[in-house]
Amino acid sequence: MNKNLILLVLSFILIGCKINSQKTANPINPSDNRSDSLALWGNYKYDGENILSLKEVKKKYTTKNGKLYDRVEKIFVSNITIQFRKDKNSSEDVYLKNGLPINSYYEKKSNNMDWRLINYDRNGDLSGVFAVANYETQFKKGNGAWKNYYHKDYKTLNGINFQIKEEGEVRNNFKFGEWKYYNKEWKIDSTKIYTLKDSVDVRFPHCIFNKKEPCY
C-alpha cells in the first residue's frame with residue numbers, strides 16, 4: 001500500500017477516535033450546578049406538567065446510607081436537579097450528586113424567589129448561609145440553629161410579617177435536642193426532644209422520606 005495512503009487512513013482513524021471521545025466525555029461539572037436532567041416532583045398535578053406524585057416518588061425512590069436512591073435503576077441519584085412543586089406558585093429546587101444535595105437549595109413562594117436559601121457543601125452537609133424569610137445564620141458541616149416560618153404575603157409597617165413555625169438545633173443534618181413548634185397564633189403548639197437515634201433528616205429532598213416527619 002502507498003505510504004501516503006497509509007498515513008491518510010491513519011489520520012482519519014485518529015480524527016474519528018477524537019470525535020468519539022468528545023461525544024462520550026461528561027460535560028457535567030458538579031461545582032457549577034448544571035445537571036443532565038430535571039425531575040419534577042409534586043404533591044399535586046395539573047395539565048401541562050409531567051409531575052410525579054408523592055406516591056410515585058416514594059415508590060421509586062428511597063434513602064439508602066444517607067443518600068437518595070433510585071429503586072428502579074438501582075443507583076444513587078446523580079447529576080440531576082429535582083424540582084418539587086407544592087402548587088402553581090410554590091416550588092423547591094435542589095441539585096444532587098451521588099445521592100447527596102450539593103451547592104444550594106432554594107424555595108420559591110409566589111414572588112419571593114429567595115423565601116428559603118440553604119447551602120450545602122460537597123459532602124452533602126448543610127454549610128454556609130442559611131436564610132429563611134428574614135432569618136439568616138451560618139451552618140457548618142451539618143450543624144447550626146434551624147428556624148422555619150409560615151409564609152405571609154401581606155406586609156406591615158415593619159416590612160413583611162413572618163410567623164415562626166419551628167426552631168431548634170441541627171447536628172449532622174438531623175434535628176437534635178429540644179425543638180419548639182408554633183401555631184399561627186404565635187403560640188407554642190408543642191415541643192419535642194430529639195436524640196440522634198430517633199431524629200429526622202432536615203435536608204431536602206431527604207426529608208420527604210422521613211417516616212415520622214416528612215416535609216410536605
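Rundown of residues vs (1) farther than 19 Å from Leu126 by Cα; (2) among the β-branched types (Val, Ile, Thr); (3) touching a Phe, Trp or Tyr at 6+ places or on another chain (Cβ under 9 Å); (4) open to solvent by less than 60 Å² (accessible area, probe 1.4 Å), yes/no style:
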{"residue": "Val72", "(1), (2), (3), (4)": "yes, yes, yes, no"}
{"residue": "Phe76", "(1), (2), (3), (4)": "yes, no, yes, no"}
{"residue": "Ile82", "(1), (2), (3), (4)": "no, yes, yes, yes"}
{"residue": "Ser90", "(1), (2), (3), (4)": "yes, no, yes, yes"}
{"residue": "Asp93", "(1), (2), (3), (4)": "no, no, yes, yes"}
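Of all residues in the stretch 184-211, count the ones that are of a type in the set (A, V, I, L, M) and open to solvent by 60 Å² or more (accessible area, probe 1.4 Å). Lay out the reasoning, then the answer.
At the first step, the residues of the stretch 184-211 found to be of a type in the set (A, V, I, L, M) are 188, 193, 196, 200, 202, 208.
Among the residues that remain, those that are also open to solvent by 60 Å² or more (accessible area, probe 1.4 Å) are: 188, 193, 196.
Here the count works out to 3.
Of the residues that make up the stretch 45-62, is at least one open to solvent by 40 Å² or more (accessible area, probe 1.4 Å), under 26 Å from Phe130 (Cα atoms) and either at pLDDT 90 or above or touching a strand residue (DSSP E or B) at 6+ places or on another chain (Cβ under 6 Å) (or both)? Outline the logic, then answer.
Pass one, the stretch 45-62, residues open to solvent by 40 Å² or more (accessible area, probe 1.4 Å): 45-50, 52, 55-56, 58-60.
This time we only want the ones that are under 26 Å from Phe130 (Cα atoms), so: none.
No, every residue in the stretch 45-62 fails to be open to solvent by 40 Å² or more (accessible area, probe 1.4 Å), under 26 Å from Phe130 (Cα atoms) and either at pLDDT 90 or above or touching a strand residue (DSSP E or B) at 6+ places or on another chain (Cβ under 6 Å) (or both).
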Quiz item: Looking only at the stretch 103-139, which residues are assigned to a strand (DSSP E or B), open to solvent by 10 Å² or more (accessible area, probe 1.4 Å) and under 29 Å from Arg71 (Cβ atoms)?
Solution: Asn103, Ser104, Tyr106, Lys108, Arg116, Asn119, Tyr120, Ser127
Quiz item: Counting only residues that are under 18 Å from Cys215 (Cβ atoms) and among the β-branched types (Val, Ile, Thr), which one in the stretch 156-189 is modelled with the highest pLDDT?
Solution: Val170
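The values are calculated or read from the model by the stated rules, or taken from the named source; none is laboratory data. Just so we're clear, the structure is a prediction, and the values are computed from it rather than from any experiment. Backbone-built Cβ (ideal geometry, glycine too); neighbour counts: all protein chains shown. Side chains included, ligands, DNA and RNA excluded: accessible areas come from the protein's heavy atoms. Shrake-Rupley method; radii C 1.70, N 1.55, O 1.52, S 1.80 Å.
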